[in-house]
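Step one of this worksheet: look at the structure below.
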Amino acid sequence: MTRTEGEEVPYMVNKNVNWVGKRFYVFYVLLLCVGTYAVKLLLVGSHLTSYQGWTLVHVVHGFLNFTVMHYLTGSPAELDNDEFHDFTWWEQLDSGEQWTSKKRNLIIIPIIV
């Protein structure tokens, strides 16, 4: 399919963030539950208290969250021809708009935990 001169280029879908939806939140909560359960199993054979276990869950979640969402830039495996090369995952989500429902949910879930 060829374009004629002056024809608009169709909007390019950002494959790095377009998968975030209702199923993602279920997966995210389940992943947090599995992580919490894994820490609980670690507590059985270690000297960690319950408080230290929860602290470990929060520290690991915070580190992974910061690294993946706010530190790394670009998209993996040339998904977008370097269109989003200078943007973090958080900036790519909802095309950089602030306070969208997706971003509010990603802020609220760790607060609830």
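Among the candidates Ser46, Ser75, the residue that is surrounded by 12 or more Cβ atoms within 10 Å (Cβ to Cβ) and either over 19 Å from the mean Cα position of the chain (by Cα) or of a type in the set (S, T, N, Q) (or both) is uniquely Ser75.
Filter the range 49-59 for residues that are surrounded by 13 or more Cβ atoms within 10 Å (Cβ to Cβ) and among the hydrophobic types (A, V, I, L, M, F, W, C); which is nearest to Ile109 (Cα to Cα)? So the residue we want is Val57.
Looking only at residues of the range 52-69 that are under 16 Å from Ala38 (Cβ atoms) and among the aromatic types (Phe, Trp, Tyr), we find that the one that is modelled with the highest pLDDT is Phe63. Scanning the range 8-41 for residues that are over 27 Å from Trp90 (Cα atoms) and touching a residue at least 12 places away in the same chain (Cβ under 8 Å), we see that the one that is surrounded by the fewest Cβ atoms within 10 Å (Cβ to Cβ) is Lys40.
For the range 89-113, filtering for residues that are in a helix (DSSP H, G or I), of a type in the set (A, V, I, L, M, F, W, C) and under 22 Å from Cys33 (Cβ atoms) leaves 6.
The values are calculated or read from the model by the stated rules, or taken from the named source; none is laboratory data. Keep in mind that what you see is a predicted model, and the values were worked out from it rather than measured. FYI the Cβ positions are ideal-geometry reconstructions off the backbone, even for glycines, and counts take in every protein chain you see.
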